[in-house]
Amino acid sequence: MSPTDVAPATTRRVVFPFTAIVGQEEMKLALLLNVIDPLIGGVMIMGDRGTGKSTTIRALADLLPEIDVVAGDPFNSHPSDPDLMSDEVRQQAQQQGSFPTAKKKVTMVDLPLGATEDRVCGTIDIEKALSEGVKAFEPGLLAKANRGILYVDEVNLLDDHLVDVLLDSAASGWNTVEREGISIRHPARFVLVGSGNPEEGELRPQLLDRFGMHAEIRTVKEPALRVEIVEQRTAFDQNPHPFLEKYSSQQEAWQQKLVSAQELLPSVTIDYELRVKISQVCSELDVDGLRGDIVTNRAAKAIAALEGRTEVTLDDIRRVITLCLRHRLRKDPLESIDSGYKVEKVFSRVFGLELSSEDNSTSQANGVRQGVR
C-alpha cells in the first residue's frame, strides 16, 4: 500500500457514498422521505438477496448532517426540544437552563437477530439500586438509536416479541424498562428500517402494517447496468478515498437538500380535495384503520419538501401512494395480481387518470411472477 492510500486521521468507517448507488430508486426515495419526516413510521424493504439493501441504508446514515446533542448524554438528547430529552436532562434544563452541547453524526444501529430483550431495551442494576438507592441503568440499543436509524436485517426472522418491542418504541417514541418495581424510561425516536427476503418467510400482517412504507426491490436485469454497479463497487473497494472525493460535492449538495427539506416541511400544505381522494383510495382498497391515510399525507408532504415546494401536487401523491399502501391490503393467496398494481389501478380511477400501458404490463408481470412463487 502506498502512502497515499493510508486512511486519513479519522476513526469513522469508510462508507460507500449514497449518491453513487445505481438504481433501486423506490428504496432510496422511501428512506429519504423517512429522514425528512421520521413520523412517517419507517420502511420495510423486501427483495432479492444481494441487491444492496444494507449498503444503501449505511450510505444514507453517512449522508445525514450532524446533529446537536447534550454532551455526555447516552440517549443523544436534544439540547432544546423537551420531546427529545431524557427525563434527567429535562430536569437539569429546568434547574440550570443550559448545558454543554456537542455535534454528533447520526447513529445507525444494526440490530442482530440473536439480540436479547435486555440488550435491546437496556437493563437496570437491581443490586446497585437496592444498596445505593440510585437508578443504575445500562442503556441498550434503543437508547443508542435515539434520533438515528435502527436497522433490522432479515426482520422476518426476528423473534416476534422483539419486533413488538421495536414497533411499540417506534410508535410511542419512548422506551420503558421495568424491573422489580423500578421503572426507567428514555426517548427512543428513530427511523425503523427493516429488510428481508420474502422467500425466507413473511412478516405478520399486523406487524407489517406498523411500518410506514414498504419498498420492493428486484435484482437489476439490464447487463450494462449490472456492469456499471460492479465497476462502481470494485473502484470503491480498491481505492475508497479517491472514490469518495469524486462524489463529495454531490454528497454535500444532497445533505443540504435534506436540511432544507426538514426546515420546509412544516410549511407544506395539501389541498382538502386531494386529502379526500387519498382517503377514498384507502376506503376502496378496504385498508384497515387510518394509518394508510396518515402516512400517505405525510409522505406526499415530505416529497414536496424534498423538491423545495410548499404545496403537494397530484404527482407527489402518485409517487408515494403505492409505497404507503401496498402492504396494508388484505392478501388473497389465490390472487396473482400484484398489490402494487391494485393500488395504482384504484388511484388512477379515483383521481381520474389513465394507467399507462407500460405501468399496466409491468405491474401485471410482477403480479404473475409473485403469484407463481
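The values are calculated or read from the model by the stated rules, or taken from the named source; none is laboratory data. Note that the coordinates shown come from a computational prediction; the quantities given were computed from them, not determined experimentally. Cβ sites come from the backbone with ideal geometry, for glycine too, and all protein chains shown count toward neighbours.
Within segment 171-185, identify whether any single residue is in the same structural domain as Thr56 (by TED's automatic domain parsing), in contact with a Ser or Thr (Cβ under 8 Å, 6 or more places away or on another chain) and touching a residue at least 60 places away in the same chain (Cβ under 8 Å), and answer yes or no.
yes
Identify, please: which residue in segment 70-83 is surrounded by fewer than 20 Cβ atoms within 10 Å (Cβ to Cβ) and either in the same structural domain as Ile184 (by TED's automatic domain parsing) or out of contact with any Gly (no Cβ under 9 Å at 6 or more places or on another chain) (or both) and is, among those, nearest to Thr101 (Cα to Cα)?
Ala71
Quick one: which helices (runs of 4 or more DSSP H) sit completely within segment 280-361 and have at least 1 residues that are in the same structural domain as Met46 (by TED's automatic domain parsing) and modelled with pLDDT of 85 or more?
Output list is empty.
Which residue, of Glu202, Glu222, is closer than 20 Å to Val43 by Cα and at pLDDT below 90?
Glu202
Which of the following residues is in a loop (DSSP other than H, G, I, E, B), aliphatic (A, V, I, L, M) and surrounded by fewer than 23 Cβ atoms within 10 Å (Cβ to Cβ): Val163, Val220, Val177, Val227?
Checking each option against the conditions leaves just Val220.
Taking Leu207, is it in a helix (DSSP H, G or I) and within 19 Å of the chain's Cα centre (by Cα)?
yes
For segment 85-103, which positions are free of Cβ contacts under 8 Å to residues at least 40 places away in the same chain, out of contact with any helix residue (DSSP H, G or I) (no Cβ under 8 Å at 6 or more places or on another chain) and surrounded by 15 or more Cβ atoms within 10 Å (Cβ to Cβ)?
Of everything in segment 85-103, those that are free of Cβ contacts under 8 Å to residues at least 40 places away in the same chain, out of contact with any helix residue (DSSP H, G or I) (no Cβ under 8 Å at 6 or more places or on another chain) and surrounded by 15 or more Cβ atoms within 10 Å (Cβ to Cβ) turn out to be Glu88, Val89, Gln92, Thr101.
Could you run through segment 230-279 and say how many residues are in contact with a helix residue (DSSP H, G or I) (Cβ under 7 Å, 6 or more places away or on another chain), among the aromatic types (Phe, Trp, Tyr) and part of a helix (DSSP H, G or I)?
Total meeting the criteria: 3.
Looking at segment 268-279 only, could you name the residues that are of a type outside the set (A, V, I, L, M) and either within 17 Å of Phe347 (Cα to Cα) or not assigned by TED's automatic domain parsing to the domain that holds Ala302 (or both)?
If the condition is that a residue be of a type outside the set (A, V, I, L, M) and either within 17 Å of Phe347 (Cα to Cα) or not assigned by TED's automatic domain parsing to the domain that holds Ala302 (or both), then Asp271, Tyr272, Glu273, Arg275, Lys277, Ser279 are the ones that fit.
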